[in-house]
Amino acid sequence: MLRIRSIVAAPLSGESPKGGWSAEIRPEDSVHTLIAVHTDGGITGFGSVFTNGGLVEAALKVLEPLWAGESALEPERVSEKLHQNTFWMGRGGTLTHTISGIDIALWDILGKALGQPVGRLLGGTWRRRALPYCSLLMDEPARMRDAILPFREAGFRAFKIGWGPFGRSGHRRLDEAIVAAARDAAGAEARLFVDAGASDAFWPNGLNWAVNTARMLAEHGVGWFEEPLPPDALADYADLRRAAPVPIAGGEVLTRRQAFLPFLEGRALDIVQPDVTKVGGISEQRRIAWMAEAFGVAYVGHGWNTAIGLAADLQLAAALPGVELVEYIGGSSYVDGLLADPFRLDPDGLLAIPDAPGLGVALDPEAVARLTPAAARLFAP
Ligand SMILES: [Mg+2]
């Protein structure tokens, strides 16, 4: 029996990408943290958490009596044990985020121990490749065009633009000019999605803005309208979904499967977007995706995190029907600069889903050391 010997965190910093937040992320800020779960059998699993490294380190200490000596081969049971025993310690927040990273790492370990990719362990292989959509921040129209072109040339066939001045300038014409420039730069054949980013602080718009903007987006062939309303505006989301000519997407700041249920029962979303590095990990993400399926709602993972998060999203895309897309942050060192064998688009603009054991990817210790002072403890138990 493989047992958990230690769990360590390594906050990434120095090249944190901008998020478009009104209190903007600085390169040195810690918003993504890698996790390693070391076992007594020589296998180490890796996970990723979309939150501040200090919070993750504190959460690991709080959780330690629950994970110390536990089986390293039972991700779902161990993660649920961590959830259920911390209901009074801020469930849904830092602890849930941290459990996400532990859960991803435990699935990685299980796959490595059994010699199978995580996707197969989750129940089967629906596809071997996924379409990455390149996620970019919105900018003034000319700069928006310049931001997209290099990624189009690199082979991306799907794009999402979000945040920045969109919906914040008060000028509807500017919003439309940004989308038109993006469509022009991406090409008529490209998939294009728009993210208002209404989970930013003090979002200034309401339902009417969202309905009118959805109509404008439909004219530019936009595939979904993401976070057009503040994350808790459940009733407005339901009204918007009924009125909008484009699919409505959201849920990236929700955590725990229970938080998604009112949005599904309330018929508030066409697409749910849980983030595997926040929501509770692969175990929870899979439950949410299947729960959405039962309501006729699509699932596309929110993947604004790291190469390990993307690897988890790819395994989930393999193991779920109808998931062709994964999010790919354009130009982030935390996605492109961490792996020994970095992700590469194939000639069709698709990403192969790794079929090596576990998450199927290997961190490059030297590359990781460039982005966190705590790299050594990730690799040395
Ligand atoms: Mg978003």
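Values quoted throughout were computed directly from the atomic coordinates according to the rules given, and no laboratory measurement underlies them. All figures in this text were calculated on a predicted structure; none of them were measured in a lab. All Cβ positions, glycine included, derive from the backbone under ideal geometry; neighbour counts span all protein chains shown.
Which whole-number percent is the relative contact order of region 80-236 (Cα, under 8 Å, 6+ apart)?
Working: 178 pairs, mean separation 27.5, N = 157.
Reported relative contact order: 18 percent.
Counting Lys +1, Arg +1, Asp -1, Glu -1, what net charge surrounds P373 among other residues with beta carbon under 15 Å of its beta carbon? Could the numbers behind the result be given before it?
Values: positive: R370, R377; negative: E15, E28, D29, E57, E366.
Surrounding charge for P373 is -3.
Determine the relative contact order of the chain: mean sequence separation of Cα pairs under 8 Å and six or more apart, normalised by residue count, in whole percent.
Values: 857 pairs, mean separation 79.2, N = 381.
It comes to 21 percent, rounded to a whole number.
Between N208 and D336, what FRET efficiency follows from the Cβ-Cβ distance if R0 is 35 Å, with the result rounded to 0.05? Spell out each step's value before the answer.
Numbers: r = 40 Å, r/R0 = 1.13.
So the FRET efficiency works out to roughly 0.30.
By how many degrees, between 0 and 90 and to the nearest 10, does the Cα long axis of helix 75-84 differ from the longest principal axis of the chain?
Long axis of 75-84 versus the principal axis of the chain: about 80 degrees.
Please report the Cα spread of region 122-180 along all three principal axes, rounded to whole Å, starting with the longest.
In descending order, the Cα extents are 48, 26, 14 Å.
Over region 1-84, one equal point on each Cα, no solvent: what is log10 I(q)/I(0) by the Debye formula at q = 0.12, 0.16, 0.20, 0.24 Å⁻¹?
So the normalised log intensities work out to -0.42, -0.67, -0.90, -1.13.
Considering only DSSP beta bridges where both residues belong to the chain, give the percentage that are antiparallel (nearest 5).
Details: 18 of 41 bridges.
Antiparallel bridges make up about 45 percent of those DSSP assigns within the chain.
More than 17 Å apart: what percent of Cα pairs in region 310-378 qualify? Please list the in-between numbers first.
Details: 1141 of 2346 pairs.
Of all Cα-Cα distances in region 310-378, 49 percent exceed 17 Å.
Listed here are the pairs K81/K278; K18/K61; K81/K160; which of them are more than 25 Å apart at the Cα?
On the way: K81/K278 17 Å; K18/K61 29 Å; K81/K160 36 Å.
Among K81/K278; K18/K61; K81/K160, the Cα-Cα distance tops 25 Å for K18/K61; K81/K160.
Direction-averaged shadow area of the convex hull around the Cα atoms of the chain, nm²? Walk me through the intermediate numbers first.
Working: hull surface 67.5 nm².
Over all viewing directions, the chain projects a mean Cα-hull area of 16.9 nm².
Measure nothing but the geometry: give the 0 to 90° angle between the long axis through the Cα atoms of 172-186 and the longest principal axis through the Cα atoms of the chain, rounded to 10°.
Taking Cα atoms only, the helix is inclined about 60 degrees.
Which value in deg cm²/dmol, rounded to the nearest 500, describes the helix-derived mean residue ellipticity at 222 nm for the chain, given -39,500 (n - 2.57) per DSSP H run of n ≥ 4 and division by the residue count? Write down the numbers at each step before the final one.
Details: 14 runs with 152 residues, N = 381.
Roughly -12000 deg cm²/dmol at 222 nm, from the helical runs in the chain.
What is the gain in length, in nm to one decimal, between A369 and S169 on full extension, counting 0.36 nm per residue of separation less the C-alpha to C-alpha distance? Write out the running numbers ahead of the final one.
Values: separation 200, 0.36 × 200 = 72.00 nm, distance 3.99 nm.
Extending this stretch completely gives an extra 68.0 nm.
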